[in-house]
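Taken together, the values in this text are just the output of simple stated rules run on the coordinates, not laboratory data. Just so you know, these numbers come straight off a predicted model, no measurement behind them. FYI the Cβ positions are ideal-geometry reconstructions off the backbone, even for glycines, and counts take in every protein chain you see.
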Amino acid sequence: MSRRIFLLTMLLVCLPLVSRSVPQTPKMASITQPLELLRGWEIQSSCDAKATGDKVSQPGFATVGWHKTTVPNTVVGTLVDDKAYPEPMVGTNLKNFTGMNYPSVSFFANQDMPEGSPFQCAWWWRNEFDLPAAFARKTVSIHFPGINYRANVWFNGQKIGDAKEVAGTYRIFEFDLTKLIKPGA
């Protein structure tokens, strides 16, 4: 019996991107203003976007047909915001969402994922941004204040976090991007 397992494959779902000078002594540390990546997000089911993470996370990857969103948000929240789904709190709208046609005799999370559900596949979360030149020669980390539940994290074509370790309910994660950043690009 397969249970409902939601695997969220993320590319750069984060708040904020933090830059710190590489100090010679602890007193010399300076922190650049964090770059918050709240807007400019797009999501798509990996059933529809069949490229691998090393491709999807490259600058310029084509996202035609992807759903626009902001963070924090969820896949369903994005689909409602984007008008792909109607408001779930009205009438029986939630029960009529694609993939929500499960029997109500037991708790939905203990049932098999319905055929045709858009949630059988992981969803890509993608954002493309220019890193300010002020981040040059600094230690740069990316901070995720609440991943739920599991994620593969990619940055500029490199996998920086694996779903085997990036797991848990609203867990906080931070990754060092210093070797992968391109300030001013």
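When the listed pairs K55/K138; K50/K159; K55/K159; K138/K179 are checked against a 22 Å cut-off, the alpha-carbon distance exceeds it for K55/K138.
For W41, the residues 5 or more places off, or on other chains, whose built amide H falls under 5 Å of its own are T69. Just to verify a number: FRET efficiency for S141 and R171, C-beta to C-beta distance, R0 = 22 Å, to 0.05? For S141 and R171, the calculated efficiency is 0.90. Amide H to amide H, with H built 1.01 Å from N, T178 comes under 5 Å of V140, counting only residues 5 or more places away or on other chains. Ordering R126, R39 from the fewest to the most neighbouring beta carbons within 10 Å gives R39, R126. Label separation (F108 vs T74): 0.9 nm, computed from points 7 Å beyond Cα along the C-beta direction.
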